[in-house]
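No value in this document is a laboratory result; all are computed from the given coordinates. What you see is a predicted model, and the numbers here were worked out from it, not measured in a lab. Cβ coordinates were reconstructed from backbone atoms using ideal geometry, including for glycine residues, and neighbour counts include every protein chain displayed.
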């Protein structure tokens, strides 16, 4: 047995070191593309075990790949250079609410939806709501800085993190931030670490901010016979003085896919629907609902549905949540993107998507967090058709370029991972990437933390085809 | 003439290189403590000049001290090692609003209040409102990550920065973030740079987020005969489901100082007042006002004043703004602190302040952003009385320790600068500070950017006395 594997046994019980092919195989993929077998999977359950494992990995220069539930869409946890997968999902759940401070301290394994569930019991809310909240861990959300529909009003994961406990790549423990709402004591390592995709250390605990639960919510579903009109309606709403908690978009292909999958009576003839959620005091909502309705009608909406009760509203939001599984039924392979543009450029981005669709003869459906300029164009294809996948790769590349051309960014909420690493320089320039690289090298001199992510390796290209 | 001074002349017009003693003297202090003469003051007006200056400084290893309007309370712009003061305040004002994107791109010299003024013309708001907003530059706010009363609901400067243009210590230009609301493309350099106090580069442009201007605001002024009750009232309000836009505290000494300075009829007999601002839709405000009023009365407020019109409300907020100049009249020297604690610990922190006051026989007055746990205890003393200043130093040290003991932090919004650098390790530990230092060294290998700030020099202590 290699020395480093023996050394690991000093730090973690044998039954939590997995080495069989079957076990390793189940850690070889995530929700994106590519399969990579790790040499070992370890399942730490406390900070000291992580310290021990990282010290061994650093000493023997073995790559370490932290992983939550593996729901990542950009390849974050893929063990592209073998080594150790650090399965953080078996850590005991710990949710320590401090109601008077409006904070909660959690272990990395907690499923994100659980945090909000506990907060709600005390009239509080953990606002970030990635679509994967019921199956993904907060540790993964922290690594990727996950977004979600409520990002529009409340912000993304990073905006809710007050403090972290982190094991550095060399196995030292640091605490960043703390329990306070405001903190300007030195560099903001908290916000550097959140979204650094596990390349700078392992988060072993996080203190999160909570906000009062809004006393009421109001949903509206608006139908358009033209995608461009929908884009204009979104823009007009955002500058009206009303800030919706959610503002989601679905194109016709998504609407039809959801209706085929699980019919609830969505308008399948519509070019697009926009789903709005307002939250706040019930009296304020009555007024804001009218304002939004007027805007939508004045701009040319063909229909505005105001659900009569919570059940009807839930059904609309359930339909939105069904988009991802529903479109996965159209074709076997789904390339889910999250390139993001300035809010005013949504109609331009939609036009560019239409061009790309024609040019490469690929099926593109589009939905997402339109209020943030964060659309999710999905290319639907078939992994077994190598020629189609080649066209899909070209379409994705051009889609990234379109976002950058429009003043946007490669990724709004999925992260860079392996998928977008080759395109970093086209957005940030060599110097921009170089300044990030300096931080990585200073913190992780042996390059053991999640190597192969964010920073492209020589000659690395986007590959959706099986290699 | 030294070589580096000659080299500077190639990059910036001679009349914008100030070398006379009188000129240099006016750049030797800020709003904190200590006087340090720079060798040269330069006043760049565009990015390329900054590039040139930093290349020269880096080549000749000359320290560079960026400065806005010098309103810093922690020593941020003090040229503690001489060298070059980079006076950014002469840069032409540029405010480029993109209403449809809800963003604004500004030059570093813009006064913060000007941004909000322009935004308001379009029904938008730039929410961060440091008390110095009318005299401080956005560049200084970015360097220090300034807060302000509205931080409670909206967040601080950092929460409103989408993208930066930065000249690195080696004179390279990078762009971080961009025009989009969401961005997870690589490490978050934007949030690392904001609040890094000019130690990692010079910000030459910033893109900021705007939000819709709230349609209405409602002020309440609440009187207490007991500081502890005021603390409890704050906590109860924050967990009531209502999120005020501001929640400010003034103790009796502040109330009396303001009344002596500029009487408006504040209750000088009261132990404390809490000023609340709610914002949102007028209908919602009617309800929320009642909720807050009920909480305050149920917990033992002696009076709740609801201003009848905007003028009366403005007068209350004007009184709050007058605290700082008013208490400066009590004694010649004012040591303004911003140690911050978890929200629930405000009453404990007040008790600790009372102990410190007794123990060191110093005059302490207290006001601030109670809703954030971010109080401003001010020690009032006389710089000419060396013995009193010695006691003030000890009181400040113990005050920092009290905040840390209560799970808080050295600085909520003023920054570390020279003033708090000696205490960094007591909060973060040597490893925590060391990980920050690694970033500093990787970005600025010659240590030219604002040396002497954040990171304590060997043997450095808090000194409020003249040396």
Using distinct alpha-carbon pairs, which all enter the 1/r mean, Kirkwood radius of chain A in Å: 23.1 Å
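Looking at the stretch A:417-463, I'd like the Rg to Rh ratio, where Rg is from alpha-carbon atoms and Rh is Kirkwood's inverse mean 1/r. Mind dumping the intermediate values first?
Working: Rg = 10.6 Å, Rh = 11.1 Å.
Taking Rh as the inverse mean 1/r over Cα pairs, Rg/Rh reads 0.95.
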Where labels lie 7 Å past Cα in the beta-carbon direction, separation of residue B:387 and residue B:359 in nm: 2.1 nm
Part-to-part distance (alpha-carbon centres) for the stretch A:144-182 and the stretch B:26-46, which is given in Å: 36 Å
Tilt relative to chain A, helix A:282-299 - C-alpha long axis, 0 to 90 degrees, to 10: 70 degrees
Stokes-Einstein D in µm²/s, Kirkwood radius over Cα pairs - the stretch A:3-90 at 20 °C with 1.002 mPa s viscosity: 167 µm²/s
Label point 7 Å beyond Cα along the C-beta direction, distances from residue A:291 to other copies (nm, shortest first): 1.8
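When Cβ neighbours within 10 Å are restricted to other protein chains, what is their mean count per residue of peptide A:195-201?
For peptide A:195-201, the averaged partner shielding equals 3.
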Inter-copy separations for residue A:445, label at 7 Å along Cα-Cβ, nm, ascending: 1.5
Gap separating the Cα centres of the stretch B:397-429 and the stretch A:387-421, nearest whole Å: 44 Å
Modelled FRET efficiency - R0 41 Å, residue B:135 with residue A:10, Cβ distances, 0.05 increments: 0.10
Label 7 Å beyond Cα on the Cβ vector: residue A:459 copy-to-copy distances, nm: 5.7
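Largest first and in whole Å, give the semi-axes of the protein assembly as shown's equivalent ellipsoid, each being the square root of 5 times a Cα gyration tensor eigenvalue. The partial results should precede the final answer.
Working: eigenvalues 374, 236, 157 Å².
Square roots of five times the eigenvalues give 43, 34, 28 Å.
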Crossing angle, helix A:227-238 versus chain A [Cα axis fit, 0-90 degrees, rounded to tens]: 80 degrees
Cβ-Cβ FRET estimate between residue A:309 and residue A:458, R0 fixed at 60 Å, reported to 0.05: 0.55
Mean residue ellipticity (222 nm) of the protein assembly as shown, computed from DSSP H runs ≥ 4 via -39,500 (n - 2.57), nearest 500: -10500 deg cm²/dmol
Projected label distance in nm at residue A:90 and residue B:294, using a 7 Å step from Cα toward the beta-carbon: 5.1 nm
Other protein chain Cβ atoms within 10 Å, averaged over every residue that makes up B:237-250: 2
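Taking each residue in B:428-439, count the Cβ atoms of any other chain within 10 Å of its Cβ, then average. What number comes out?
Mean shielding count: 6.
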For peptides A:414-420, A:168-174, A:151-157, sequence by mean Cβ density within 10 Å, most packed first: A:414-420, A:151-157, A:168-174
Angle between chain B longest axis and helix B:47-60 axis [Cα atoms, degrees, rounded to 10]: 70 degrees
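Regarding the stretch A:279-324, what's the average projected area of the Cα-atom convex hull, expressed in nm²?
Values: hull surface 16.4 nm².
Averaged projected hull area, Cα only: 4.1 nm².
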